[in-house]
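K.L.:
Got a structure for you, written out below as structure tokens; questions coming shortly.
The values are calculated or read from the model by the stated rules, or taken from the named source; none is laboratory data. Quick caveat: nothing in here was measured; it's all calculated off a predicted structure. Virtual Cβ from ideal backbone geometry, glycine too; neighbours counted across all protein chains shown.
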Amino acid sequence: MSALLRQFRPAIVAVVALTVLCGIVYPMLVTGVAQLGWGGRADGDLVERDGVVVGAALIGQPFVSPQYFHPRPSAAGDGYDGAASSGSNLGPSNEEYLAEVTTRVETYRQANGLAADAVVPVDAVTASASGLDPHISVRNARLQAARVADARELSVDVVLELVDAHVTDRPLAVLGDPGVNVLRLNLALDATEG
């Protein structure tokens, strides 16, 4: 029995020590550093309007009305479900996926009054890997501007100025492309009319 205890004791000590280190100390350290360096973003970059939280700038939300800019499609659950964040896992050779993208292309062209042969930005018809991407490409936003301006009875130039004012730089100045945060842009549109 004592030989068995001699073998179990180091294993139990290792499990307890690693649990405390990896399950308590490390998460608290990372959370503390994140709060010190990036407090608002670490809390989810919550966006408020009139003192009420209306969303998080880091998570996409569904906007479907013509007077709003539309985000990327979402494959997360029933759409923009943070508890089911994921892509569709369907590849570019999957017939179901190709049919869905073709339908999205036609819907996008119709919604935005584009010609039948107009090139549609990829981010307008494909979901991101998380299904929760809060940004769209600058080109996508500019193509939607006429629809939004018409629905809000605003000048296209006013809407394009708002788009340009909400372009965000590339992450770390080298990754990806500049984008437009859909939630922040739509809130700016609401403020323009208000």
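K.L.:
Could you identify the single residue in LEU160, LEU90, LEU175 that is of a type in the set (A, V, I, L, M), farther than 19 Å from TYR68 by Cα, in the same structural domain as GLY60 (by TED's automatic domain parsing) and touching a helix residue (DSSP H, G or I) at 6+ places or on another chain (Cβ under 6 Å)? Steps first, answer last, please.
P.N.:
Values: LEU160 fails: farther than 19 Å from TYR68 by Cα; LEU175 fails: touching a helix residue (DSSP H, G or I) at 6+ places or on another chain (Cβ under 6 Å).
None of the others qualify; the one that does is LEU90.
K.L.:
Moving on to the next point. Output the number of residues of region 148-160 satisfying the condition of being in contact with a Ser or Thr (Cβ under 9 Å, 6 or more places away or on another chain) and assigned to a helix (DSSP H, G or I). Break it down into steps so the answer makes sense when it comes.
P.N.:
As a first pass, look at region 148-160 and keep what is in contact with a Ser or Thr (Cβ under 9 Å, 6 or more places away or on another chain): 149, 151-152, 154, 158-159.
Those still in the list that are assigned to a helix (DSSP H, G or I) too: 149, 151-152, 158-159.
Within region 148-160, residues that are in contact with a Ser or Thr (Cβ under 9 Å, 6 or more places away or on another chain) and assigned to a helix (DSSP H, G or I) number 5.
K.L.:
At pLDDT 85 or above, among the aliphatic types (A, V, I, L, M) and not in a loop (DSSP other than H, G, I, E, B) - does that describe any residue in region 80-88?
P.N.:
Of region 80-88, the ones at pLDDT 85 or above are none.
No.
K.L.:
Which pairs turn up if I take residues in region 52-74 that are farther than 22 Å from LEU154 by Cβ and look for partners that are of a type in the set (D, E, K, R) and outside any loop (DSSP other than H, G, I, E, B) with beta carbon separation below 8 Å, at least 6 apart in sequence or on another chain?
P.N.:
Pairs that qualify, where the first residue is farther than 22 Å from LEU154 by Cβ and the partner is of a type in the set (D, E, K, R) and outside any loop (DSSP other than H, G, I, E, B), are ALA57/ARG184; LEU58/ARG41; ARG72/ASP123; PRO73/ARG104.
K.L.:
When residues of region 128-147 are filtered for being among the aliphatic types (A, V, I, L, M) and either in a strand (DSSP E or B) or touching a Cys at 6+ places or on another chain (Cβ under 9 Å) (or both), how many remain?
P.N.:
So the first thing to find is which residues in region 128-147 are among the aliphatic types (A, V, I, L, M), and the list is 129, 132, 136, 138, 141, 143, 145-146.
Restricting the remaining residues to those that are either in a strand (DSSP E or B) or touching a Cys at 6+ places or on another chain (Cβ under 9 Å) (or both) gives 136.
The qualifying residues number 1.
K.L.:
In region 4-34, how many residues are β-branched (Val, Ile, Thr) and surrounded by fewer than 10 Cβ atoms within 10 Å (Cβ to Cβ)?
P.N.:
Narrowing region 4-34 to residues β-branched (Val, Ile, Thr): 12-13, 15-16, 19-20, 24-25, 30-31, 33.
From what's left, surrounded by fewer than 10 Cβ atoms within 10 Å (Cβ to Cβ): none.
So the answer is 0.
K.L.:
Here is a list: ALA141, ALA84, ALA127, ALA116. Which entry is in contact with a Ser or Thr (Cβ under 6 Å, 6 or more places away or on another chain) and of a type in the set (Gly, Ala, Ser)?
P.N.:
Numbers: ALA141 fails: in contact with a Ser or Thr (Cβ under 6 Å, 6 or more places away or on another chain); ALA84 fails: in contact with a Ser or Thr (Cβ under 6 Å, 6 or more places away or on another chain); ALA116 fails: in contact with a Ser or Thr (Cβ under 6 Å, 6 or more places away or on another chain).
Within the list ALA141, ALA84, ALA127, ALA116, the selection yields ALA127.
K.L.:
Filtering region 157-194 down to residues that are of a type in the set (Gly, Ala, Ser) and touching a His at 6+ places or on another chain (Cβ under 7 Å), which residue is surrounded by the most Cβ atoms within 10 Å (Cβ to Cβ)? Give the derivation first.
P.N.:
The first filter runs over region 157-194 and keeps only residues of a type in the set (Gly, Ala, Ser), leaving 165, 173, 176, 179, 188, 191, 194.
Narrowing further to those that are touching a His at 6+ places or on another chain (Cβ under 7 Å): 179, 188.
On the way: GLY179: 21, ALA188: 15.
If we take residues in region 157-194 being of a type in the set (Gly, Ala, Ser) and touching a His at 6+ places or on another chain (Cβ under 7 Å), then GLY179 is surrounded by the most Cβ atoms within 10 Å (Cβ to Cβ).
K.L.:
Suppose we keep only residues that are in a helix (DSSP H, G or I) and small (Gly, Ala, Ser) within region 161-194. Which one would you say is farthest from VAL53 (Cα to Cα)? Outline the logic, then answer.
P.N.:
Going residue by residue through region 161-194, those that are in a helix (DSSP H, G or I) are 161-165, 171-173, 182-193.
Now narrow it down to the ones that are small (Gly, Ala, Ser): 165, 173, 188, 191.
Details: ALA165: 22, ALA173: 29, ALA188: 15, ALA191: 16 Å.
Only one residue tops the list, namely ALA173.
K.L.:
Please enumerate the residues belonging to region 82-112 that are touching a residue at least 40 places away in the same chain (Cβ under 8 Å) and of a type outside the set (Ser, Thr, Tyr).
P.N.:
GLY82, ALA84, GLY87, ALA111
K.L.:
OK, next. Pull out all pairs, ordered by first then second residue, where Cβ-Cβ is under 6 Å, the residues are six or more apart or on different chains, the first lies in region 23-40 and is within 23 Å of ALA57 (Cα to Cα), and the second is at pLDDT below 80.
P.N.:
That search, which allows pairs on different chains as well, returns ALA34/ALA42; GLN35/ALA42.
K.L.:
Here's another thing I want to ask about it. Within region 46-79, take every residue that is surrounded by 15 or more Cβ atoms within 10 Å (Cβ to Cβ), part of a loop (DSSP other than H, G, I, E, B) and small (Gly, Ala, Ser) and give me the one that is modelled with the lowest pLDDT.
P.N.:
Per the criteria, the residue is GLY79.
K.L.:
If GLU100 satisfies every condition in (1) in a helix (DSSP H, G or I); (2) exposed (fewer than 14 other Cβ atoms within 10 Å of the Cβ) but one, which is the exception?
P.N.:
(2)
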